[in-house]
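The values are calculated or read from the model by the stated rules, or taken from the named source; none is laboratory data. What you see is a predicted model; the values in this text were computed from it and never measured. Note that we place each Cβ from the backbone using ideal geometry, even for glycine, and neighbour counts take in every protein chain shown. These area figures cover heavy atoms from the full protein model, side chains too; ligands, DNA and RNA do not enter into them. Shrake-Rupley method; radii C 1.70, N 1.55, O 1.52, S 1.80 Å.
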Amino acid sequence: MKLTTMAKGLSRLALRVSLAFPLVLAPAVSVSILEAAGVSAPFASAQAQEQNKPSKKKTRKVPAMRQAAYKKLEKVQEAYDAEDWVGALAALKEMDASKKRYNGYEIAQMYNLFGVVYYSMERYKEAIPFFKKVLSQGEKNLPVALEEGTLFTLAQLYFVTENYKQAVNYLNQWMKVSDRVTADSYALRAQAYQQIGDQGKALADISVAVSMYEKTGKVPKENWYGLQQYIYFERDDYKKVAAVLEKLLQHYPKPVYYLTLAAMYGELKRDRDQLHMMEAAYLAGALQKEKDLLNMGYLFMGYEMPYKGAKVIAKGIKEKKIPRNAKNLETLAQAYQMAQELQKAIPQLEAAAKLSDKGQIYSRLASIYLDLDENKKAVAVGRKALAKGGVKRQDQLYVVIGMANANLKQYDAALSSLRKALKDKRSERSARQWISFVEDEKAREEQLAAI
């Protein structure tokens, strides 16, 4: 199976399947505020939890949280816990109106909670400016964890609002200062790079993410493999596409991966592997469409396993996944014929011949009946073929009918058919030989009758 438009479509479908994942945001909620005021962050991703851990890298002395600011933030907390977003924003705006009273650290925490509230309301674009205002307070007012967490939060917010260039920008800033860069971080930046069309950097990052997991014995996420295989595919690197798909099938077996890997094996001329993958796909129930099932049948026939091919096609017809039309019944009969199962081939050919608007299948059937020494049937279906018309080689059919009539000792009928075959140069030699034989047999029979 060569790589076709269908195979390309399968690869893109494989990407969509593997990239179907939720993006969980991780707004930068200060650990000290959480502990002091009891603010509970509504974020549960592993990446979010990682960002909220205290940094092991360094600490920074910042102004203290004073009682007046604490009480204001406590009021925000009460509204937040009750999911009273309007009340929480009102309390924050009241604090903002008198922000000259507060130090840089307190203002940073205020803007941070502004962002958290807007996030909770799913007003992501409105949350972004407030997280930027957190950073604008400067290093002297920001704990390391808050600064790093805010950079990461902005990266994720820009990602979810589809501003991928800014997502990359903030991820780059965060990676320069953070000691908590994980495989998930590289995967996130890889997806952002992919969205802005920088496949080289996307591939580098997603490969780092995959490698970090594999080195620790963890199974990389499905969407990571999916992005890897898609970029390799776009670069026509089918060997690496196949290698990634093999991992996807090992850890995330899905029908589309079987089919896509089979297509890759075909492109790489790994024909035997392609056959095995298609068979695995069939056994896994991944082949449900007429075209896929017929391709499976053709593959078996091409690898001298016609009976397996016949079983696939027969089952598909029985389950109505393959239409019971003349063409498909003829293919089924061909598979049985190749498997030397003529008694199973004949009923399929008879059914196909009745459904066909041409006589070609009856012509084939006439030859089979002649080989089986069922001469009356050979003559009968041969005449049906001629009556329907559309026979590609009438000359050959006339020879078959002539031979069948000769076997039945219907010499005059045999000679009539064979003389019609003489008109086509392709059958002239064979027809003359049979005419000579029939004339001799006719003469011999007449002599015996005269004695």
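Whole number in Å², please: accessible area per residue of region 54-118, 1.4 Å probe, ligands, DNA and RNA not counted.
Working: 3560 Å² over 65 residues.
That works out to 55 Å² for each residue.
Its alpha carbons give region 273-343 an Rg and a Dmax of 11.2, 32 Å.
Region 315-359 and region 253-294 have Cα centres spaced 24 Å apart. For Asn328, what charge total do you get from the other residues with a beta carbon under 11 Å from its beta carbon, if Lys and Arg give +1 and Asp and Glu give -1? Computed value for this residue: +1. Quick check: from the Cα gyration tensor, does region 120-203 come out rounded (a/c under 1.5), prolate or oblate? It is oblate, given that a/c is not under 1.5 and a/b is not larger than b/c.
Annotation for region 388-435 versus region 91-167: alpha-carbon center distance of 92 Å. Hey, what angle do you get for helix 342-355 against the long axis of the chain, alpha-carbon based, 0 to 90 degrees rounded to 10? Helix 342-355 sits at roughly 80 degrees to that axis. Within the same chain, lysines fewer than 8 places from Lys318 are excluded, and of the rest, those with a Cα less than 23 Å from its Cα are Lys289, Lys291, Lys308, Lys327, Lys344, Lys354. Could you work out the pair-distance distribution P(r) of region 206-294 from its alpha-carbon pairs, with 10 angstrom bin width and percents rounded to whole numbers? Result returned by the calculation: 17, 47, 30, 6, 0.
Here the chain exposes an accessible surface that is 50 percent carbon and sulfur, computed with a 1.4 Å probe and the other protein chains kept in place. Backbone phi angles across region 258-265, fed through the Karplus curve with coefficients 6.51, -1.76 and 1.60 (θ = phi - 60°), yield HN-Hα couplings of 4, 5, 5, 5, 4, 5, 5, 4 Hz in residue order; Gly and Pro are listed as x.
Can you show me the helix-derived [θ] at 222 nm for the chain, built from DSSP H runs with n ≥ 4 at -39,500 (n - 2.57) apiece and divided by the number of residues, rounded to the nearest 500.
-23500 deg cm²/dmol
Quick check: net charge around Leu142, other residues with Cβ under 10 Å of its Cβ, Lys/Arg +1 and Asp/Glu -1? Every neighbour counted, the sum reads -1. Ordering 190-198, 106-114, 441-449, 79-87 by mean Cβ neighbour count within 10 Å, with the highest value first, yields 106-114, 190-198, 79-87, 441-449. Residue ranges 147-156, 371-380, 329-338, 420-429 sort as 147-156, 329-338, 371-380, 420-429 when ordered by packing (mean number of other C-beta atoms within 10 Å per residue, highest first).
Excluding Ala68 itself, what net charge comes from residues whose Cβ is under 15 Å from its Cβ, given Lys and Arg +1 and Asp and Glu -1? Provide the component values of the computation, followed by the final result.
Values: positive: Arg66, Lys71, Lys72, Lys75, Lys99, Lys100, Arg101; negative: Glu74, Glu94, Asp96, Glu106.
That works out to +3.
Accessible area per residue for region 173-273 is 43 Å², calculated with a 1.4 Å probe on protein heavy atoms, without ligands, DNA or RNA. Overall size of region 359-400 from C-alpha positions, given as principal axis extents largest first: 25, 15, 13 Å. In region 328-451 the Cα-Cα distances spread across 5 Å bins starting at 0 as 2, 13, 20, 20, 18, 12, 9, 4, 2, 1, 0, 0 percent of all pairs.
Applied to region 241-257, the Karplus parametrisation 6.51 cos²θ - 1.76 cosθ + 1.60 on θ = phi - 60° returns per-residue 3J(HN,Hα) values of 4, 4, 5, 5, 4, 4, 5, 4, 5, 5, 9, 9, x, 9, x, 5, 6 Hz, with x for Gly and Pro. Binning all Cα-Cα separations of the chain at 10 Å, short to long from zero, yields these whole-percent fractions: 4, 16, 16, 13, 11, 10, 8, 7, 6, 4, 3, 1, 0, 0.
Only Cα sites of region 77-176 enter the Debye sum here, all with the same form factor; the resulting log10 I(q)/I(0) across q = 0.11, 0.12, 0.16, 0.17 1/Å is -0.33, -0.39, -0.68, -0.76, listed in q order.
Using only the Cα atoms, work out Rg/Rh for region 58-98, with Rh taken as the Kirkwood radius, to two decimals.
Values: Rg = 12.4 Å, Rh = 11.2 Å.
So for region 58-98, dividing Rg by the Kirkwood Rh gives 1.11.
Under 1.5 on a/c is rounded, so check that first for region 316-382, then, if it is not, pick prolate when a/b is larger than b/c and oblate when it is not; a ≥ b ≥ c are the square roots of the alpha carbon gyration tensor eigenvalues. Oblate. By the gyration tensor of its Cα atoms, with a ≥ b ≥ c the square roots of the eigenvalues, what is the shape of region 102-141: rounded for a/c under 1.5, prolate for a/b over b/c, or oblate? Prolate shape, in that a/c is at least 1.5 and a/b is the bigger ratio. Averaged per residue, region 318-451 has 58 square angstrom of accessible surface, using a 1.4 angstrom probe with ligands and nucleic acids left out.
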